[in-house]
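*Asks:* Have a look at this one before I ask anything.
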Amino acid sequence: MEFANFKTVVKEEIERRIGEEYTVRVTSVVKNNGVVRNGVIIMRDDTNLCPTIYVDEFYELYENGDVSLNYVVNEIVDIVASYSIYILYMEQM
């Protein structure tokens, strides 16, 4: 699977799993050293804080046959869930 298609499929599967209260976007970020990182931004509609989860390494693992697409999506959804709990905690402080 080509990388562009991988990002699209991951985005669509994340959207399907996490629900309508989130917005998911694919993005490219140029880091300070000029390296371009590719990620998905997952934002809950009621906050302006959101993680960017870089998918470059996930793609490499997927292409090497080390992990499935389902594994990649599960890991990203787990990261989002952990981040959401952290944001709720911080908002209460």
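*Asks:* Give the whole-number value, in cubic angstrom per residue, of the convex hull volume spanned by the C-alpha atoms of the range 4-55. Show your work: numbers first, answer last.
*Replies:* Values: hull volume 3.5 nm³, N = 52.
Measuring per residue, one finds 67 Å³ for the Cα hull of the range 4-55.
*Asks:* Ratio of alpha-carbon Rg to the 2.2 N^0.38 Å globular estimate for the chain, to two decimals, please.
*Replies:* 1.12
Read-outs throughout are calculated quantities, based only on the coordinates presented, and are distinct from any laboratory measurement. All of these numbers come straight from a predicted model, not from anything done at the bench.
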